[in-house]
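Please treat every number below as a calculation from the coordinates, not as lab data. Everything numeric here is computed off the predicted structure, so don't read it as measured data. Positions of Cβ are generated from backbone atoms using ideal geometry, with glycine treated the same way; all protein chains shown enter the neighbour counts.
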Amino acid sequence: MKKISILGATGSIGTQTLDVLRKDRENFQLIGVSANSNFERLLKIVKEFRPSYAVLTEREAYLKFREYFKNENVSLKILFGKEGLNTIASLPQVDMVVTSIVGMSGLIPTIKGIESGKDIALANKETLVVGGKLVTELAKKNNVNLIPVDSEHSAIFQCLQGNKHSDVGKLIITASGGPFRGRGREELLNVTVQQALRHPNWCMGKKTTVDSATLMNKGLEVIEAHWLFDFPYEKIKVVIHPESIVHSMVEYRDGSVIAQLASTDMRLPIQYALNYPKRGNAAVDKLDFYNLKKLTFEKPDIDTFRSLKLAYEAGKIGGTMPAILNCADEEAVKLFLLNKIKFLDISCIVEECMNKFSSKDDFELKDLLYIEIKVKEYVKTKFGK
């Protein structure tokens, strides 16, 4: 039986991970869970799965949660904040940590899990975007598997199995194009938050959905693929695929292309990561090829959706520039969701931060944390009024 901790159990990926566990209780046991402030949902999870540890990172919710269990006769350890996350990521009895916290806050507990020898089911893009060099070197040192949960990286991971790295011509990451595919910049001047959150295919958290609309999500995935699979940016391409049936592809040097196809359900890549190197029984609807109408592919419009172009630039510059890109985007998306800036302002703010803050080639974890503070402070102060 594989023992699991989930960082971010009440979010989109965390909720779907629980659904996978729910359908396969014989093979998985939930040991640790975390939430930010969703007291009610975490309470339901604890009552259903009976983990040994629960973490809340928002103080009021933590105090409320602890008070609820004050007189309950349960063997549940209730922890708080970043230290709590680090604890459940490195518990001796845990085999795998599912990292599904959005943003930079997932970086340190992921590192703690790797240092403790835990396999990582990686759903937190920022871990590799910001700390790719540190994280991949640590994973090799500790003989830890980094198994991607993103549907695109899971697809590439599967398409690479059994083949030589040297035989790969390029990685092809597919993108739905988001809710604004085909629109020009003039048409995007006054789009609303509600419009940006209407993704045509996927059900995701707000930050990821907005990033999908700007194509920053795809840009972050390009950087993540660079670190996960050890390929230069010139060999990582993005193609728009509105149907989201082909989740990504690998082209080999002989011209052969291996693709992974599946329904648009995140539970499949989650299940694959949890079961790796084995495969479980289908937890999602299988594709019905007789009813597939068409599969279309387009070149991304990087002039309109400039975030993708900026991500490639940041990745090629290297050093701490991807961290600058990511932190600027995190804060800009937050301001957009609060209706304090417009949709097209997001990429403009990211570019301004990339020009303002210098990249550092040799860096440590403390440098990344410093960048997070300074970049987010700059964006919030200048644009958040």
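Backbone amide hydrogens, once placed in the peptide plane, bring VAL238 within less than 5 Å of ILE173, excluding anything fewer than 5 places away on its chain. With 10 Å bins beginning at zero, the pair-distance distribution over Cα atoms of the chain amounts to 5, 23, 33, 27, 10, 1, 0 %. Oblate is the label for the range 105-187, because the ratio a/c of its alpha-carbon gyration tensor axes (a ≥ b ≥ c) is 1.5 or higher and a/b is not greater than b/c. Bridgeable lysines around LYS286 (alpha carbons under 19 Å apart, same-chain partners fewer than 8 residues away excluded): LYS23, LYS278, LYS294.
Computed from backbone phi with θ = phi - 60° and the Karplus coefficients 6.51, -1.76 and 1.60, the 3J(HN,Hα) list for the range 315-326 is x, 5, 5, x, x, 8, 5, x, 5, 4, 4, 5 Hz; x is used for glycine and proline.
Candidates GLY162, ILE245, GLY205 compared by Cα position along the dipole of the range 153-317: farthest toward the positive end lies GLY205, with charges placed on Cβ. Note on the range 153-317: along the principal axes its Cα atoms extend 47, 38, 29 Å, ordered by decreasing extent. Springs between Cα atoms under 10 Å define the GNM used for the chain, and in it the highest mean-square fluctuation of LYS235, LYS334, LYS366 occurs at LYS366. So if I take the centroid of the Cα atoms in the range 126-154 and the same for the range 300-330, what is the distance between those two points in Å? Centre-to-centre (Cα) distance: 19 Å. Under a Gaussian network description of the chain, with springs only between Cα atoms under 10 Å, the residue in LYS77, LYS299, LYS47 that fluctuates furthest is LYS47.
Taking amide H as placed 1.01 Å from N in the peptide plane, the amide H of GLU243 sits under 5 Å from that of THR296, each at least 5 places away or on another chain. Projecting the Cα atoms of VAL333, ASN355, VAL98 onto the charge dipole of the chain, computed from C-beta unit charges around the Cα centre, puts VAL98 farthest toward the positive end. Its Cα gyration tensor gives the range 50-160 an equivalent ellipsoid; the semi-axes, largest first and in whole Å, are 29, 14, 13. Evaluated at q = 0.12, 0.18, 0.23 Å⁻¹, the base-10 log of the normalised Debye intensity for the range 214-294, with identical point scatterers placed on the Cα atoms, takes the values -0.46, -1.03, -1.35. Quotient of the Cα radius of gyration of the range 221-347 and 2.2 N^0.38 Å, N being its number of residues: 1.28.
The calculated Kirkwood hydrodynamic radius for the range 156-211 is 14.1 Å, given to one decimal from all distinct C-alpha pairs. Using only side-chain charges placed at the Cβ, +1 for Lys and Arg and -1 for Asp and Glu, the dipole size of the range 174-289 relative to its Cα centre rounds to 240 debye. Listed by chain and number, the aspartates and glutamates whose C-alpha is less than 18 Å from the C-alpha of LYS164, apart from same-chain residues fewer than 8 away, are ASP230, GLU251, ASP254.
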